[in-house]
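Beneath this line is the structure, given in structure tokens, with notes to follow.
Values quoted throughout were computed directly from the atomic coordinates according to the rules given, and no laboratory measurement underlies them. Keep in mind that what you see is a predicted model, and the values were worked out from it rather than measured. In this analysis, Cβ positions are derived from the backbone assuming ideal geometry, glycine residues included, and neighbour counts consider all displayed protein chains.
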Ligand SMILES: *Cc1c(COP(=O)(O)O)cnc(C)c1O
């Protein structure tokens, strides 16, 4: 297994550096089809006043269909509406499905931006390859976001911590119970006006560490953002909830090393200021937030290391004071501090410290246009 040196960028991080054409040049790939009904003002006002995460949706969605031997076609922007699907559609039976998650942020001048869409486009295609699905050209992936967000611009909220959450996904729509990679795949991109992910704000969460269930294993689908990984995590998540915890901490199949915190990457802050995060072993989903934090904190002179982190060592570190903070990171919540870790044979409270908050403040300041975008991470979707 290859490991990356501190100075090397992963394949996804390299892809994230690619220059992109301006959104005006990508716009129009998904042309409007038909007469699209728009939500009336009363419904719109009600939604925008009661934003939560992922419960309301815009007026439009982008769609394209891939067929074996023909490639991608039927690019269109249609009304957001229920789908009519054949009950034999392969996705219902065999779960061939991948997705992405990113956000559109409203800046003070009214313009709308997103964060490192090249990273998500590259990861979408990496996930698709793992699930034997076709890749979508990067400019079509980002073009679908441009067209959907421009059409649904009024659904991009402007309050603090709010965004239009963008959910591109692809599913197997071939009508067949045959167990084979589907010959028809449908891509869609929908948007959800959202408030902050955690309704109780930047409050520490409580974690159940499981050694009984794993999110992923060597050679499995852990590094793909595929739907089945989530379905498999709900039962351990329920067990954690029954014990009064909010999230599950997963360890590797040997039971030794920490991997992921629910659907977030994990980071620990050491007494000397070093930030440690598990290296990408193949069973960890490579987060764009993780990558951005590593680059941002290194640029500020902080030591950030990607390495195996033993659970026992982490627990000992919390107890001895060597580990001063633990947090999860991902697009939805950005940064989530951990306040308590419980598992078989231990129950420790984790102090809350300034580093998780600093990272949250710095990243969101870039995303919302309050701080200079030194890395060129922001991509303008609309004026
Ligand atoms: C999406 C996801 C993450 C976080 O990725 P981001 O690109 O930072 O949003 C982490 N772990 C899992 C399992 C995920 O599905």
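Observations on the structure shown:
- The residues of region 121-141 that are more than 16 Å from residue 19 (Cβ to Cβ) and in a helix (DSSP H, G or I), listed by number, are 123, 124, 125, 126, 127, 128, 129, 130, 140.
Residues are listed down the side, and each one gets a yes or a no for (1) within 16 Å of the chain's Cα centre (by Cα); (2) part of a strand (DSSP E or B); (3) closer than 26 Å to residue 228 by Cα:
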site	(1), (2), (3)
143	no, no, no
159	no, no, no
164	yes, yes, yes
170	yes, yes, yes
179	no, no, yes
190	yes, yes, yes
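- Put simply, of 15, 81 the only residue that is out of contact with any helix residue (DSSP H, G or I) (no Cβ under 7 Å at 6 or more places or on another chain) and either within 18 Å of residue 125 (Cα to Cα) or surrounded by fewer than 16 Cβ atoms within 10 Å (Cβ to Cβ) (or both) is 81.
- Enumeration of residues in region 240-271 that are within 12 Å of the ligand (Cβ to nearest atom) and either over 22 Å from the mean Cα position of the chain (by Cα) or assigned to a loop (DSSP other than H, G, I, E, B) (or both): 262, 263
- Any helices (runs of 4 or more DSSP H) falling wholly within region 1-115 and containing at least 1 residues that are over 19 Å from the mean Cα position of the chain (by Cα) and farther than 16 Å from residue 191 by Cα: 23-26, 41-49, 90-94
- Residues (within 16 Å of the ligand (Cβ to nearest atom) and part of a loop (DSSP other than H, G, I, E, B)) located in region 272-308: 278, 279, 280, 281, 282, 283, 284, 285, 286, 287
- Filter result for the condition that a residue is within 21 Å of residue 362 (Cβ to Cβ) and touching a residue at least 60 places away in the same chain (Cβ under 8 Å), over 117, 137: 117
- Looking across region 92-110, the residues that are under 15 Å from residue 150 (Cα atoms), away from the ligand (no atom under 15 Å from the Cβ) and touching a strand residue (DSSP E or B) at 6+ places or on another chain (Cβ under 8 Å) come down to 106, 107.
- Odd one out for residue 106 among (1) without any contact (Cβ under 8 Å) to a residue 40 or more places away in the chain; (2) surrounded by 15 or more Cβ atoms within 10 Å (Cβ to Cβ): (1)
- Test for residue 334: is it touching a helix residue (DSSP H, G or I) at 6+ places or on another chain (Cβ under 6 Å) and more than 26 Å from residue 10 (Cα to Cα): no
- Residue 334 being in contact (Cβ under 8 Å) with a residue 40 or more places away in the chain, within 11 Å of the ligand (Cβ to nearest atom) and surrounded by 22 or more Cβ atoms within 10 Å (Cβ to Cβ): yes
- Filter result for residue 341 (in contact with a helix residue (DSSP H, G or I) (Cβ under 8 Å, 6 or more places away or on another chain), surrounded by 16 or more Cβ atoms within 10 Å (Cβ to Cβ) and either more than 30 Å from residue 142 (Cβ to Cβ) or free of Cβ contacts under 8 Å to residues at least 40 places away in the same chain (or both)): yes
- Residue 201 meets each of the listed conditions (1) surrounded by 16 or more Cβ atoms within 10 Å (Cβ to Cβ); (2) over 16 Å from the mean Cα position of the chain (by Cα) apart from (1).
- Looking across region 191-215, not a single residue is within 12 Å of the ligand (Cβ to nearest atom) and more than 24 Å from residue 337 (Cβ to Cβ).
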